[in-house]
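Q: Pasting a structure below so you can have a look.
Where a number appears in this text, it was derived from the coordinates with a stated rule and is not lab data. These figures come from a predicted structure and were not determined experimentally. Virtual Cβ from ideal backbone geometry, glycine too; neighbours counted across all protein chains shown.
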Amino acid sequence: MGNKLLTFTEQQLENYQDCTFFTRKEILREIRPDLVPKRMRQNEQVTIRVPLEDVVEKLPELRENPFKQRICEVFSRDGKGNLSFEDILDLLSVFSEQAPRDIKVYYAFKIYDFDNDRHIGTEDLDSALVLLMRQELSPEDRQQIIEKVIEEADVDGDGKLSFMEFEHVITRAPDFLSTFHIRI
Amino acid sequence: MYRPTHRTPAYQPQNRMAAYENTIPMSERSAQSFDYFASVPTVSSLAQRSRSLGHEARSRDYGSERPNLVVSGMKKFTKAYFTGPRGNLDLHANKIVEKLEEDKSLMEDTPVSEQLRKEALKNLPQGLTMKRCVKSKLTKSVSQKSKRKPIGFWKRLKYSINISFSKFVASLKNFNYFELWHGSLKDIEGRFGSGYASYFKFLRWLFVMNFGVALLSLGLLVVPQIILDTSASNKTTNTQSFNFRNIFIGDGFFIETVFYYGHYTNQFIEVIPHLSFDMPASYFSVTVILYVLSFVVLAVSVAESYRRTFIETEGGLQNVYANRIFCGWDYGIATKEAAQLKSSSIYYELKELLSEELKDVEDWSCLVKFWTYTIQVVVNILVLVILAAVGWMTWVLMKKSNEGEIAVYITALVINIIIMVFPSLFYYISKHEDYKNPRITLYITLGRTYLLGAVILGTILAFWLIHAEGKNCWETLLAAEVYRLIIFDFLFSVVLSVIVDVGYFIGRYFLNREPKTEFNIAKHTLQIIYNQGLLWVGFLYSPILPAVVTLKMFIIWYVNQGCVRKLCRPPKRTWRAAQTQTWFMMMIFVSILLIIATHGYALKSVRTSQTCGPFKHYNYTYEIVTTHIEDLEQDLAWRVIMNVTKPGGLAFIMIALGILVYYLREHALANRDKVKMLKETLVWLAKDKKFLVQMYNDVTKGEINPHLRDNRFVDPSRILPHEFTEDVSSSVDEDDFHARFKKYS
């Protein structure tokens, strides 16, 4: 494998340690052959990008995740889902145990906002439900659930959830921190 | 006549590369999309917006940046294509750095502000590449702007202490125990979900704590005693012979070893000349300090857990639907089977919720309600009676166990059978009690099982403390009893239940039913809590007990892990781990509190045995403190403490604490009302906004699109990189707006 060429300098490791929520040991654990793109050499952490299908294969948690497409899009620099090594590191850092609640809520909002309009509207909720259920929920059921969600969470009555409303809902959920978590 | 031309929005210029075509241009977003990042529109902000609408596209220099290469790992075809330019990164990073520079405290050249910068960087919701860019720019600008003032000696000292402390904390974090058994925990989490994993995390935490206690007590108590025993000057031989069953019963041979309190000497150990080790003082202080440390660690964890799951979330689960959708998926699941189960469990939960909506609110007739309540009350009384009976039987057994060998076996057997059987009994009883909520059923069963364990431990302690007078070396006998219980519990709950589980598995397999069952998290956690309670009861009189319990937990880990992997399937219903974790921690905390209180009473008011142990020349154990500190009994501080711990003083303290709790609770309730009021204000503000936009629309007759996304207020650090457009970097001036608006005035 071509990864024998890959070493990280002390400075780079320190940079990573400062900018993510990982400790040094955890970062070194990240640099395992199945996560690092094959042709990556020195100083190409940023430029070599791995397309979505390959990323999803590398991380088993992402493979089974119904929102994998969306997650990759959010964390990629071009918005299309192609992740560089640093983007993958960033993804794992946000999902780690040490990341604070605010960062997780922010990224969760971005993930669930499928059309990127800064609000979680009825279409976004619909897509989320379709992805979440492998068994089909009938459209009427989906409609009803979506109405209930909007009714519960919408404060200003515009029919969709803005970031504040989403944050308000999520901070009251005791399980959010434990479910929004990938162990590396 | 001046007419504003409808320019195509500047942010969809033709000379952009393909990657940005999927950004939704501003004008096509609905005018009604309100952005809470913006404030209520004022005239000048409207001016800025409309100016930005007409802003020309700035041509950009893309040539200098190297485009990104996307490499596909698939062998079939190596496709490489280019993604968007990196010019955007610089601009975006500059914007963020500008924003960060506004905060003066971040820009100083001191180590403290370096820490602040690191924290600000970590909390920046941007990608790693962006963060590194920002970091390098920040450090450059800081080093440019720094005015190197000579700092005084004390400041330098303070800074160096700060830095070394935070480095120490960071290195501790590097070394934290999260590494222990990490691989197997990840595997279980991936295959079975975070419910089972929470049990294993709890087990691991307790294991580490017990390991620490075991190390300290072995090192500071057992080893010196062993040194003394083996030294030439003090050859004592064990008067009892070793018998295999002594391992299980714990008496006989073991009574005169370092296992129990009775063997510890009350003298100075001076094997190496001029290096004396005061055994009684060491015994007393090590045990007391370890108890206090465990108490503090537990108290801190309970408080943190309570705060996280109850206070920050207001204790309520009102948004059931939203929670199921947004927090329903467990992101740690890594196998297809678990994912399938998870999605079907979410499906069933949602379906259940929907069907509950359809049903009318249960209007039970009075008779049904009355009947249910009576049943619940009767069952609770019945359970209390059962618990009292268990206590009485334990008492009788303890009395009888001094009268013979078989009796000793019988006691331990009976107690362990009770502990194994009764929880399942409680579980079945509570299923028939028709509580409204399955969570309440769970909590009630947990509470009853916990009370069972508490009653048993309590009677054992009470028996020994009351009958201490007549016995020779009662501490050793009590410790032997506890040791016996631990070993028998190991045999029953680990060995026997594994055999039973495997038997069930094979049986169901041959009966052609689904062989894999669910892992009963509640039962196993309560088992560990009972174990821990036993440890704390016995530790004061047997310094080797933590090592035994640590070993037992080690074995339990591997046995349970094997069981879960081979014999169990993922849970059908989601196990709400967070709240039950808090309950478990609270139970453990209450245990240690009660046990410490009882031991405190024993140290103070129960006479030590005069023939054995490190305190045999004292009447009461606490006297070691008073005789070591001279004139303590005349000392003011001692007298104050003695008076405060009298019943009157304690009652006063309790009342004061009660008043404090009441005050805090009223404070919390007032805050809740304030939150409600503020929510209503928000709704009214949104309505105001709609009204104003409507008015604006009417006035300008729809010709200027009041897109309310105020770029001045958009936080550049909160935009995704591929959304970063020129508007954020554009500037606006008011004259143009006024020029255009003049025609309407």
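Q: Which whole-Hz couplings ³J(HN,Hα) result when phi for each residue of the range B:647-654 is put into the Karplus expression 6.51 cos²θ - 1.76 cosθ + 1.60, θ = phi - 60°, listed in order with x for Gly and Pro?
A: Going residue by residue, I get x, x, x, 4, 4, 4, 4, 4 Hz, with x marking Gly and Pro.
Q: Please go through the range B:551-642 and write out the GluC sites (Glu not before Pro) that DSSP classes as loop and that have at most 16 other C-beta atoms within 10 Å.
A: Those satisfying the criteria are B:Glu630.
Q: Check the range A:41-165 and count each lysine pair with an alpha-carbon distance under 13 angstrom, considering only pairs eight or more places apart or from different chains. All intermediate terms of the calculation are to be shown ahead of the outcome.
A: Working: A:Lys58/A:Lys68; A:Lys68/A:Lys80; A:Lys68/A:Lys110; A:Lys148/A:Lys160.
Total qualifying Lys-Lys pairs in the range A:41-165 comes to 4.
Q: Each residue of the range B:472-477 in order: what ³J(HN,Hα) in whole Hz does its phi give by Karplus 6.51 cos²θ - 1.76 cosθ + 1.60, θ = phi - 60°, with x for Gly and Pro?
A: Values, residue by residue: 8, 6, 5, 5, 5, 5 Hz.
Q: Return the loop-located trypsin sites (Lys or Arg not before Pro) in the range B:401-487 (DSSP other than H, G, I, E, B) with at most 12 other Cβ atoms within 10 Å of their own Cβ; answer none if there are none. Don't skip to the answer; put the middle values down first.
A: On the way: sites: B:Lys431, B:Lys436, B:Arg439, B:Arg448, B:Lys471, B:Arg484; in loops: B:Lys436, B:Lys471.
In loop regions of the range B:401-487 (DSSP not H, G, I, E or B), the sparsely surrounded trypsin sites (Lys or Arg not before Pro) are B:Lys436.
Q: Please list, in chain and number order, the residues 5+ apart from B:Thr517 or on another chain whose amide H is under 5 Å from its amide H, with Hs placed from the backbone.
A: B:Arg569
Q: If exposed GluC sites (Glu not before Pro) are those in a DSSP loop with at most 14 other Cβ within 10 Å, what is the longest stretch of chain A that has none?
A: Numbers: sites that count: A:Glu97, A:Glu136.
Here the longest run is A:1-96.
Q: Another one. Go through the range B:297-310 residue by residue and turn each phi into a ³J(HN,Hα) via Karplus (6.51, -1.76, 1.60, θ = phi - 60°); whole Hz please, and just put x for glycine and proline.
A: 3J(HN,Hα) across the range B:297-310, in whole Hz: 4, 5, 4, 4, 5, 4, 4, 5, 5, 4, 4, 5, 9, 10.
Q: Now for a different question. Give the cross-link partners of B:Lys155 among the lysines, using a straight C-alpha distance below 25 Å as the criterion and excluding same-chain residues fewer than 8 apart.
A: Once the sequence-local lysines are set aside, what remains near B:Lys155 is B:Lys104, B:Lys118, B:Lys140, B:Lys145, B:Lys147, B:Lys167.
Q: Now, a different point. For chain A, what is the calculated [θ] at 222 nm in deg cm²/dmol (nearest 500), taking -39500 (n - 2.57) for each run of four or more DSSP H residues and dividing by its residue count?
A: Computed mean residue ellipticity for chain A: -15000 deg cm²/dmol.
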